[in-house]
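Report on the following structure.
The values are calculated or read from the model by the stated rules, or taken from the named source; none is laboratory data. Given the structure is predicted, the values throughout are model-derived calculations rather than measurements. So basically every Cβ, Gly included, is an ideal-geometry build from the backbone, and we count neighbours across all protein chains shown.
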Amino acid sequence: MSKFQDYPLLALRGRVVFPNTTVNFDVGRMISLSAVKYAADGDSRIFVCAQKQSDKEEITDDDIFTSGTVVKLRQITRLPGNNLRLSVEGLFRATVRQLRKENGAFVATVEEIAPVHGDPSLEEAYFRTSKEILKEITSSDSRISKDGVASLDKCSDPDEFVNLAGHYLQIKVEQKQELLECPRTVERLKMTDKLLNDELEIMRLERKINSVVRQNIEKNQKEYYLREQLKAIHTELGDDGEERDELEEKIKAKGMSEEAENKCLKELSRMSRMQTSSPDYNVLRVYLDWMLDLPWGEQTQDTEKLSDAVKVLEADHYGLEKIKERITEYLAVLKRTGGMNAPILCFVGPPGVGKTSIASSVARALGRKFVRMSLGGVKDEAEVRGHRKTYVGAMPGRIISGMKKACSLNPVFLLDEIDKISSDLRGDPADALLEVLDPAQNSTFIDRYIEVPFDLSKVLFITTANSLDTIPAPLLDRMEIIELTGYTHEEKREIAKRYLIDRKRQANGLKSTELTISDGALDEIIEGYTMEAGVRSLERRIDAVCRKAAVKLSGGKAKKLSVTEKNLDSLLGARRYERGGKALKEDEVGAATGLAWTAVGGTTLTIEVSAMHGKGDVLLTGKLGDVMKESARAAISYIRTNSSQYGIDSSAFEKTDIHIHVPEGATPKDGPSAGITMATAILSAFTHKPVKKSIAMTGEITLRGKVLPIGGLKEKALAAHRIGIHDVIIPADNKKDLEEIPQSVRDSINFIEVTDVDAVFRNAILGI
């Protein structure tokens, strides 16, 4: 080891750690947790020192002793409340030479405190004297543990003996710190000798005091004796077992599994032997209450008629044919087989398309209870699996809590926003969900709190997500994906007329005769005041109209209000969006409109290219991802390779810098589907021929000019439809996906199918 070494620093309150010892303690402060993580990521060594004031929460370099011990992390155990329990082994003493803060933790540059030996005879004399005192201490009851006495007795090294004595002796922190800091071995032995003598004297005084105290019964002993007498009286009266008998009867009548029933009876037996004032008594009582509240043998009867279920789904939601079809299939199979492993459905789509509300409708259609569990921001595995009941404030996880709330073994259980879960030091919730969402395993799901298997196989789990990209692959493999795409203009209008307007009128205390919204006004709201895949913004705008109407009607100036295109701006202000949105306003050189898919639905993407005198450099701006950058380079390579075909001087690329920019730089963009759009804009910039304003495109490009298929065609087509695009270039291999696009959109857009980029250029660039 070098003279100086860097280690993360961990300050301890009321504790000094010595070399040659193994110590366990808990940490919970952020600066301490950061130091532990720093050490765990390195060689697991950490410098520990005592804090001068143990009650001080926020510490600086002036609040700690500069001498401490370098230890090795042997074990790290996670505890509730973001705390850690550490087991460390002391290695050597050291003193701080420099202190800094790094990654939220103190990092100390330390120098080892090497023992300074003096007169060997003097050291040996003190060493023998200390051992003799130790023998006298061990002859009587000592405050030093048996393990400590054994370790001290076997020790043959003076410095190690001092370290062990400092560890096991019950002395003040200041005394231990002084013993730790002292470099001279003989001085350390002298201090140890005095401390052992003090311990011997304390033992003599304790024996004297105990002989006097034994002659009297202390107050708490009297109370204990009286409580035992009272318990015996109740036993004679026969009234102490009423609660126990009642609980036992409930347990046996609950319909639990054999394992769960035996577990409850065992805990009941333990509880009956405890004092009611005991903390463990309350822990067991709460546990038994939880077990009795769970629906062990209770379940609802599913809807028998398929037609009734379909009616409910049709009444609650417009469209969503795939989901309605899947639920109908589930009911049909359930009716014929009498039972089946419930599927794990995952509704994927942009915000506002009705993923959460359709799950509630599914429960109503099936005649089942509905439970929702939000997974957004969940980082702790214990939130799914629960905590062991031995922990203070322990509770079951959210799954078991949801089952208690449902009061049924077969509810519809919604795991909302499953793509938003994450992990930290407390574990990965996705790992716990693997068992929950596996039909082959969830019949024996074990929550850490209840400690016995609980059957989840009859639960219809439904998950929702905006994107599949952040869901772990093993978890995704357990789910059946059902995509919910964005709504067309016509669908939004119909949803507003059927559901949203009536809902918001009622919410704002308006009658249908007091407020009417014309179809023209609805169209204007959809086109001019919203730009979304779902209907959430549309609902907010209708709510705003209702609030404005409530104000006008409450003033007494009018008895009813009819909202039309003409007076809409007086209620909602000026239009926020113009039809044509992000499409090109005119035929432009070096600019093309692409189509992209995002977590919130389809969108348009304007790509701009400038070719300027330079050295052949390529500049990419607009917060582009790696895949998109690769597509840009592939497009440039293809055009350079085939430059003569398009009348471009091959040397032009060596003298020209190419700047490719995608506006709205605050929004990250990635994916290969912008390849043909980039190629079109680049060729337009070099040939000075404009790109048609009325055309949009999507497709991946290869170095040989082939156009490869892409995903999310429906969402992209809807985005083009929203901004008034009439011509859309798509890969020929995506022809099969056109069936998913609503007929009204297909009728208004001319889809141009291409196999190579030359066909793209001919259709998109004027004069090619």
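Summary of computed values
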item: Where Ala521 falls short, out of the listed (1) more than 13 Å from Ala496 (Cβ to Cβ); (2) of a type in the set (Gly, Ala, Ser); (3) crowded, with 19+ Cβ neighbours inside 10 Å; (4) modelled with pLDDT of 85 or more; result: (1)
item: Residue satisfying condition, being surrounded by fewer than 22 Cβ atoms within 10 Å (Cβ to Cβ) and assigned to a helix (DSSP H, G or I), within set Arg388, Arg372, Arg364; result: Arg364
item: Every pair of residues 6+ apart whose Cβ atoms lie under 9 Å, when the first sits in region 505-534 and is aromatic (Phe, Trp, Tyr) while the second is exposed (fewer than 14 other Cβ atoms within 10 Å of the Cβ); result: Tyr529/Gly573; Tyr529/Arg576
item: Selection status of Glu329, within 22 Å of Lys497 (Cβ to Cβ) and modelled with pLDDT of 75 or more; result: no
item: Residue check, Phe47 assigned to a loop (DSSP other than H, G, I, E, B) and modelled with pLDDT of 90 or more; result: no
item: Search result, residues across region 747-768 that are in contact (Cβ under 8 Å) with a residue 24 or more places away in the chain, of a type in the set (D, E, K, R) and part of a helix (DSSP H, G or I); result: Asp758
item: Filter pass, Glu136 being modelled with pLDDT of 80 or more and either of a type in the set (Phe, Trp, Tyr) or part of a helix (DSSP H, G or I) (or both); result: no
item: Tabulated pairs, region 25-45, first in the same structural domain as Leu91 (by TED's automatic domain parsing), second in a helix (DSSP H, G or I), C-beta under 7 angstrom, 6+ apart or interchain; result: Val27/Leu33; Val27/Val36; Arg45/Ala39
item: Qualifying residue in region 76-85 (condition: within 30 Å of the chain's Cα centre (by Cα), of a type in the set (A, V, I, L, M, F, W, C) and at pLDDT 90 or above); result: yes
item: Region 297-312 - residue that is touching a Leu at 6+ places or on another chain (Cβ under 8 Å) and surrounded by 13 or more Cβ atoms within 10 Å (Cβ to Cβ) and, of those, farthest from Ala332 (Cα to Cα); result: Glu298
item: Residues (crowded, with 19+ Cβ neighbours inside 10 Å and either over 23 Å from Lys566 (Cβ atoms) or of a type in the set (Ser, Thr, Tyr) (or both)) located in region 524-536; result: Tyr529, Thr530, Glu532, Ala533, Gly534, Val535
item: Candidate set from region 404-422 (those that are more than 27 Å from Pro351 (Cα to Cα) and not basic (Lys, Arg)); member that is surrounded by the fewest Cβ atoms within 10 Å (Cβ to Cβ); result: Cys407
item: Test: residue in region 82-95 that is surrounded by 15 or more Cβ atoms within 10 Å (Cβ to Cβ), more than 29 Å from Met191 (Cα to Cα), among the hydrophobic types (A, V, I, L, M, F, W, C) and touching a residue at least 60 places away in the same chain (Cβ under 8 Å); result: yes
item: Selection from region 546-566 of residues that are over 46 Å from the mean Cα position of the chain (by Cα) and surrounded by 11 or more Cβ atoms within 10 Å (Cβ to Cβ); result: Leu553, Ala558, Lys560, Leu561, Ser562, Lys566
